[in-house]
Amino acid sequence: MGSHVHWDRKLDGRLARALMSIPAIKAVEIGDGWLAARRFGSEVHDPISLGGGALVRSSNRAGGLEGGITNGEPLVCRLAMKPLATVPAALPSVDLAKLAATPAHVERSDTCAVPAAGVIAESILALTLADALLEALGGDTMAGLRLPVARLRLSTRTSLGHIFLIGPMGSGKTSAGLALARQLNRPFADLDGRIEAKAGVSIAQIFQRTGEQSFRDLEAKTLAEAAGEPPAVIALGGGAIQNETAWRLMRRSGITLALRAPPEESIRRIRSSDRPIEARPLLAGGDPVEALRKLSATRERYYARADLDLDTEGLDAEAVAAAAVGLIDAVKGSLTDRSAEGPGGSAAPEGEA
Ligand code: S3P
C-alpha cells in the first residue's frame, strides 16, 4: 500500500502527518528511525530470502515501509510524546495588563496520557491504512474486500501451502474438509481427531480431566505439527483460532477459509455427526443453539480474519468443497510464478504456483 510515485500518497509521509497530528506528539519514527541516521548504508537493509514457500526478510529495519510503500513486514511506528504542560509548579510568565513578570496561573495538573495516546495512535494508524487499502484495492464493503486482500497477501508467496478450515462447531470443517481434500487430491488432517488419537481419550474426557486450557495447549501443539507437514487441508477445532501464535503460523504456511452456518443448522448437523452434543463440552447442558450462538459471537473477530469466507447454509459437504475450490482458484492466480526457473529457482514445492 502507498505509492513511490506521488509525494502526497507516500504512506510514510501520510502516517507521519496523521500521527504527528495527535496532541503532544513531537516526533514520529518508522522502523529504526533516528538510529538509522547513525548507521552505514550496509547496515540499514532488510535482505530478502525464500522461506517456507514465501519471500521472507531476516530483519525489519525499515519498519515495514520502503519507498513510501508497505513491504509486507510488520509496520512499526514509534511516537515521542512530550509530558503534558499542566504542571503544579507555576512557570514564570508575564502579566499583559501590567507588563510585569508574574507567575503563571495554576489550573490543575495532569499526570500521564501515554496510554490514551497509544489507543489514539493505533486508531489513527488503522484509519490511515484503511484509506490506503481502499485506494489500492477499491471496494466499499468488508465482504467485497476479502478476496482482493487475500490475492494481495498471496502475491508474495510462491505456493498456496495449507488450506486451514476454521469456523464454529458444526460449520462443516471436517466433512467439507474431507471432500475438499479429495477434490484437490491433498491429504486431510482433522486436528480434533489427531488430538483424540494421540491422547487415547475423547475431547470431553480431556476437558473433564485436565481442563480446557490443557486441551488448548494440545490444540496449539497439534496445529504446529500439522503445519510442518506437506500441504494439506487442515480442519481446526472451533476454538483453536483464539491465539496469535496460531494465526502467525496459518498466515505463514497457508490460507485460511472460514466456514459459516446458522447455529440451528450447525446443531442439526452436530446431532447427526459421530461427535454429538454430549461429546462437546462447550455445548453440554442448557440450550445448545444458544450456547453455540454465544460462542460464535465472541469468536467472530477471529473468524473474520480469514482470507476466504464461505456460507455453508443448506449445502452438503461436496457442494461446500466445490465452492471452496472456486474461491481458492480465484486467489491462486496471484501466486508468484517462478516455476519456469527449474529446481534452482523458487518453484513451488507442490507445483501449485
Ligand atoms: C471446540 C470445538 C470442537 C472441539 C472442542 C472445542 C470449540 O471442534 O475442538 O469441543 O471450542 O469450539 P469442532 O469445531 O471441530 O467441532
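Points to keep in mind about this one:
- Scan of the stretch 242-262 for residues that are small (Gly, Ala, Ser), in contact (Cβ under 8 Å) with a residue 60 or more places away in the chain and within 16 Å of the ligand (Cβ to nearest atom), ordered by number: Ala258, Ala261
- Selected residue (only one of Ser93, Ser58 is surrounded by fewer than 17 Cβ atoms within 10 Å (Cβ to Cβ), of a type outside the set (Phe, Trp, Tyr) and within 25 Å of the chain's Cα centre (by Cα)): Ser58
- Pairs meeting the criteria (first residue in the stretch 170-194 and within 11 Å of Ala235 (Cα to Cα), second residue within 11 Å of the ligand (Cβ to nearest atom) and of a type in the set (Val, Ile, Thr), beta carbons under 7 Å, at least 6 apart or on different chains) are Asp190/Thr174; Leu191/Thr222; Asp192/Ile203; Arg194/Thr222.
- Every pair of residues 6+ apart whose Cβ atoms lie under 9 Å, when the first sits in the stretch 263-282 and is touching a residue at least 24 places away in the same chain (Cβ under 8 Å) and under 10 Å from Ala204 (Cβ atoms) while the second is among the hydroxyl-bearing types (Ser, Thr, Tyr) and part of a helix (DSSP H, G or I): Arg275/Thr174
- Arg268 being assigned to a helix (DSSP H, G or I), more than 15 Å from Ser171 (Cα to Cα) and more than 11 Å from the ligand (Cβ to nearest atom): no
- Residue list for the stretch 197-212, filter: over 16 Å from Glu278 (Cβ atoms) and within 12 Å of the ligand (Cβ to nearest atom): Glu212
- Scan of the stretch 122-175 for residues that are within 16 Å of the ligand (Cβ to nearest atom) and charged (D, E, K, R), ordered by number: Lys173
- When Gly118 is tested against (1) in a helix (DSSP H, G or I); (2) farther than 30 Å from Arg248 by Cβ; (3) not aliphatic (A, V, I, L, M), exactly one condition is not met: (2).
- When the residues of the stretch 223-241 are filtered to those that are crowded, with 20+ Cβ neighbours inside 10 Å and either within 10 Å of the ligand (Cβ to nearest atom) or not assigned by TED's automatic domain parsing to the domain that holds Ala321 (or both), the one that is farthest from Ile195 (Cα to Cα) is Ile241.
The values are calculated or read from the model by the stated rules, or taken from the named source; none is laboratory data. These figures come from a predicted structure and were not determined experimentally. When we count neighbours, we look across all protein chains shown, and the Cβ atoms used for this are built from the backbone with ideal geometry, even at glycine.
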